[in-house]
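Trainee: Once you've had a glance at the structure underneath, I'll fire off some questions.
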Amino acid sequence: MTSVPFAAGTPVPGDWFHPPKADRADRNAALVLFLLPHAGGGAAMFRDWLPLLPSDVAPRALTAPGREGRLAERPLQDWDALYGAVHDAVVAELDGRPYAVFGHCLGAHLAFRLTTRLTAEGLPAPVLLGVSGWSPRGFFRPTLADSTMPEAELLAHIRRLGSFPEEVQRDPAMLARVLPALRADLRVAATFADDGAKATCPLVSYGGDADPLMVEPDAMTHWADRTSHYLGHAWLPGGHFFPEEHADQIAPHFVRTLRTVHRP
C-alpha cells in the first residue's frame with residue numbers, strides 16, 4: 001500500500017500531541033500512530049507504549065484541553081466541539097505518510113468517528129484502526145445528568161463503574177485536577193448521536209474481560225458490522241483500564257496487526 005499525497009494542514013493552537021514532532025527524531029519513521037486516551041485522560045495514558053513501538057512508527061498521543069499540560073485551558077464540553085477540534089488537530093499533523101489510529105474508551109469513540117469523517121472528506125484513511133474499551137452498542141453510555149452530579153456522588157459513581165484509574169481515585173489532589181475534564185467528557189459522550197456509519201479501513205478491537213462498562217457480554221462483536229474489514233477481537237484480563245495494565249501485550253499485538261495490513 002502506498003501513501004496518498006497530502007499537504008500538511010494548518011497548525012491548530014495548543015499542544016495536542018506528545019511527543020511533538022520537534023521532540024522526536026521521527027523523520028525516517030514510515031508511519032504515524034495517533035493514540036487517543038480515555039475520558040478525562042491525556043497522553044500519559046500511553047507512556048508505556050512509547051518504548052514498545054518500533055523506530056519506524058512515530059507516536060502522537062493526544063492531550064485535549066483541560067488535562068495534563070493543558071490544565072489552564074477550558075475543556076470542550078460537547079461532542080461536536082471536541083470531535084471537531086480533534087479532527088482539525090489530526091489533519092494538521094498529516095504530512096503524506098500513512099497513519100494508524102488507536103483509541104480507548106472515549107478515545108475509541110473519537111477514533112472511529114474520525115476515520116469515517118476523513119474518508120467522507122476524501123482524505124487518506126488510516127491503514128489500521130484500533131478500538132478498545134468501547135463499542136457502538138452494548139457499552140455504558142453516560143447521560144447529561146451524570147456530568148452534573150455533586151462531587152461526592154460523581155466519585156461514588158465512577159468508583160462503582162470502575163471508570164477511572166485506581167491511582168487517580170485514591171489521590172484527592174489528582175482528582176481535583178481531572179474531574180473538570182471528566183465532567184466535560186461525560187457531556188461529550190452524552191451528546192453523541194450514532195448514525196450507523198461504517199469505517200472503510202481495517203479495524204481490530206480490544207476488551208477487558210471484566211470491564212464493568214460493558215453492559216452486554218457480546219458488545220464487542222458489534223464491531224463486525226461497523227467496518228468493511230474486521231480483523232477480530234482480542235480479550236485481555238482486567239477491568240476498564242486493562243490497556244494500562246497490558247501495554248506490553250497490546251502495543252506489540254497492534255504493531256503486528258499493522259504489519260499484516262500495511263507494507264511500505
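The values are calculated or read from the model by the stated rules, or taken from the named source; none is laboratory data. Quantities reported herein were computed from a predicted structural model and do not represent experimental measurements. All Cβ positions, even for glycine, are placed from backbone atoms using ideal geometry, and neighbour counts span all protein chains on display. Note: areas computed on protein heavy atoms with side chains; ligands, DNA, RNA excluded. Shrake-Rupley method; radii C 1.70, N 1.55, O 1.52, S 1.80 Å.
Trainee: Under the condition of being open to solvent by less than 10 Å² (accessible area, probe 1.4 Å) and more than 17 Å from the chain's Cα centre (by Cα), which residue from segment 139-171 is nearest to Trp235 (Cα to Cα)?
Mentor: Ile158
Trainee: Taking the residues in segment 62-80 that are in a loop (DSSP other than H, G, I, E, B) and free of Cβ contacts under 8 Å to residues at least 40 places away in the same chain as candidates, determine which candidate is least open to solvent (accessible area, probe 1.4 Å).
Mentor: Ala72
Trainee: Tally up the residues in segment 81-126 that are open to solvent by less than 10 Å² (accessible area, probe 1.4 Å), in contact (Cβ under 8 Å) with a residue 60 or more places away in the chain, farther than 19 Å from Ala43 by Cβ and of a type in the set (A, V, I, L, M, F, W, C), please.
Mentor: 1
Trainee: Go through (1) farther than 27 Å from Ala125 by Cβ; (2) more than 16 Å from the chain's Cα centre (by Cα) and name the single condition Gly208 misses.
Mentor: Among (1) farther than 27 Å from Ala125 by Cβ; (2) more than 16 Å from the chain's Cα centre (by Cα), Gly208 violates only (2).
Trainee: Suppose we keep only residues that are modelled with pLDDT of 55 or more and of a type in the set (Gly, Ala, Ser) within segment 1-27. Which one would you say is least open to solvent (accessible area, probe 1.4 Å)?
Mentor: Per the criteria, the residue is Gly14.
Trainee: Yes or no: Asp211 free of Cβ contacts under 8 Å to residues at least 24 places away in the same chain, acidic (Asp, Glu) and not in a helix (DSSP H, G or I)?
Mentor: no
Trainee: Do we find that Asp185 is in a helix (DSSP H, G or I), modelled with pLDDT of 90 or more and open to solvent by less than 20 Å² (accessible area, probe 1.4 Å) in this structure?
Mentor: yes
Trainee: Oh, and also: Mind checking which residues of segment 222-264 are hydroxyl-bearing (Ser, Thr, Tyr), free of Cβ contacts under 8 Å to residues at least 40 places away in the same chain and part of a helix (DSSP H, G or I)?
Mentor: Scanning segment 222-264 gives a single hit, Thr260.
Trainee: From the list Ala152, Ala111, Ala156, Ala176, which one is under 17 Å from Val188 (Cα atoms) and not charged (D, E, K, R)?
Mentor: Every option except Ala111 fails the conditions.
Trainee: Also, I was wondering about something else. Considering segment 28-42 alone, what residues qualify as being modelled with pLDDT under 95 and out of contact with any Lys or Arg (no Cβ under 8 Å at 6 or more places or on another chain)?
Mentor: Correct list: Asn28, His38, Ala39.
Trainee: So, Pro54, is that one out of contact with any His (no Cβ under 7 Å at 6 or more places or on another chain) and open to solvent by 10 Å² or more (accessible area, probe 1.4 Å) or not?
Mentor: Against the criterion (out of contact with any His (no Cβ under 7 Å at 6 or more places or on another chain) and open to solvent by 10 Å² or more (accessible area, probe 1.4 Å)), Pro54 qualifies.
Trainee: Given (1) surrounded by fewer than 18 Cβ atoms within 10 Å (Cβ to Cβ); (2) free of Cβ contacts under 8 Å to residues at least 12 places away in the same chain, where does Asp194 come up short, assuming only one miss?
Mentor: Asp194 satisfies all of (1) surrounded by fewer than 18 Cβ atoms within 10 Å (Cβ to Cβ); (2) free of Cβ contacts under 8 Å to residues at least 12 places away in the same chain except (2).
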